[in-house]
Amino acid sequence: MRRIGLVLAALIFNPALVGAASSIPLLPPPNLQASSYLLIDADTNKVLAEHNARERNAPASLTKIMTGYVVAEEIRRGRLGPEENVQISVKAWRTGGSKMFIREGTQVQVDDLLKGVIIQSGNDASVALAEHIAGDEAQFADLMNQQAELLGMQDTEFRNATGLPDEQHYSTAWDLALLTRGLIQNHPQQYALYSEKSYTYNNIEQPNRNRLLWRDRSVDGVKTGFTNAAGYCLVASAERNGMRLISVV
């Protein structure tokens, strides 16, 4: 993950690329050891650097950016309350991978679960929210796909709320950049959670996995991911001197 962080730092903080924001044609893309990457100006959507940006790949926990986005939309529409209690199911409790360590049979507030998704990348929290909002994870995935369509994500298909492996669960660097741009513009209050460096639940403190938050104060998000199928992946965003960049690797 340190290597992928350096890749993103090279993209975000490369003065030559930033200077290319108003120039055409694009500069030659940097030589990075990544199967797919993209750097855009978030305000204009201008592409500053890319490589296979529309190639479909397993997104791993980058999926949770959309999980959080759907939760934010439900709150905005008044169908979900931040302090609403969520009953934790056996399925949510048993979900493997990264966890915020919620327990079966307990009740946890939406706000706490959302922080567990965003800061701790909790698969258990993601499933709990999905079940509470839509009844089950499959129906929640339908809501995710509806939002993806509204955001113009044409090469994305969600099958779950976690990003755990599924051959029919995929996205692209371009689509994930669109999602991140939409999150920042449409739900700034939720986006602020992505800059928090740690979160404690059930007396367990866990750090944010996005190590770029410690490397430069202009970085304020977004999300890391890893599965064997996806490899290491990271969406990052930084704002400096009134210019916001979004990078996906």
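Annotations for the structure displayed:
- Total residues in the range 115-168, condition within 26 Å of Glu84 (Cα to Cα) and not in a helix (DSSP H, G or I): 12
- Of all residues in the range 217-240, those that are free of Cβ contacts under 8 Å to residues at least 40 places away in the same chain have Cβ atoms under 7 Å from Cβ atoms of residues that are among the aromatic types (Phe, Trp, Tyr) and buried (at least 24 other Cβ atoms within 10 Å of the Cβ), 6 or more apart or on another chain, in Asp220/Tyr194.
- Residue count for the range 19-45, restricted to those that are over 21 Å from the mean Cα position of the chain (by Cα) and either of a type outside the set (Ser, Thr, Tyr) or modelled with pLDDT of 90 or more (or both): 13.
- Scanning the range 65-94 for residues that are surrounded by fewer than 20 Cβ atoms within 10 Å (Cβ to Cβ), in a strand (DSSP E or B) and either touching a residue at least 40 places away in the same chain (Cβ under 8 Å) or touching a Cys at 6+ places or on another chain (Cβ under 6 Å) (or both) turns up just one, Gln87.
- Filtered by the rule that a residue be crowded, with 22+ Cβ neighbours inside 10 Å and at pLDDT below 95, the range 175-216 gives no residues.
- Boolean, Ala138 is crowded, with 24+ Cβ neighbours inside 10 Å, over 17 Å from the mean Cα position of the chain (by Cα) and modelled with pLDDT of 95 or more: no
- Lone qualifier among Leu62, Leu8, Leu48 - being surrounded by 20 or more Cβ atoms within 10 Å (Cβ to Cβ), more than 30 Å from Val108 (Cβ to Cβ) and modelled with pLDDT of 85 or more: Leu48
- Scanning the range 188-240 for residues that are out of contact with any helix residue (DSSP H, G or I) (no Cβ under 7 Å at 6 or more places or on another chain), within 23 Å of Asp43 (Cα to Cα) and among the aliphatic types (A, V, I, L, M) turns up just one, Ala192.
- Scan of the range 169-206 for residues that are part of a loop (DSSP other than H, G, I, E, B), touching an Asp or Glu at 6+ places or on another chain (Cβ under 6 Å) and free of Cβ contacts under 8 Å to residues at least 60 places away in the same chain, ordered by number: none
The values are calculated or read from the model by the stated rules, or taken from the named source; none is laboratory data. Since the structure is predicted, the reported quantities are computational estimates derived from the model, not experimental observations. Using ideal geometry, Cβ is built from the backbone for each residue, glycine included, and neighbour counts are taken over all protein chains shown.
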